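No lab work stands behind these numbers, since they all come straight from the coordinates. Owing to the predicted nature of the structure, the values given are computational and were not obtained by experimental measurement. Cβ coordinates were reconstructed from backbone atoms using ideal geometry, including for glycine residues, and neighbour counts include every protein chain displayed.
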Amino acid sequence: MIASSHLEARGDTMATREQYYERIKEIRSVLENTDNLKCNCPNVKCEWHDDCKKCVAQHRYFKKHIPNCLQAVFNDRIKEMVQIFEMTATEKKKTTSEYWDMLEKKTNKRNNLENHNSLIFL
């Protein structure tokens, strides 16, 4: 049998008001540390790297996959669930570096052209 504190940590039982309060205090403490607020996405070439709010917003909108920084959180749980159903799961290939490089070149080229055109009309 699983200990009740473990169940509460997983959200399987209702926490007492005091446990809830202590959990919120812990969350607030974690968020006070600026190191915990830094983007930990391994894809540093991503246009939205270090802009977590926009990253999460576009992932919520398109609903194709979850942000890279959250995949590790879910991967282990999904693997456990897949085993229960006697299935297999494989990770999708990540976007290659050359795609991000191409995007950066095209974006910089477009931005330079827009900046040049705006100077002409000043």
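Where in segment 73-99 is the amide nitrogen less than 19 Å from a point lying 7 Å along the Cα-to-Cβ axis of Lys45? Flagged as within label range: 92-99.
From most to least packed by mean Cβ count within 10 Å, the peptides 45-56, 21-32, 62-73 give 45-56, 62-73, 21-32. In units of the compact-protein estimate 2.2 N^0.38 Å, segment 40-91 shows a Cα radius of gyration of 1.34. Here the spin labels are modelled as points 7 Å beyond Cα on the Cα-Cβ line, and at Thr16 and Asp35 they lie 3.3 nm apart.
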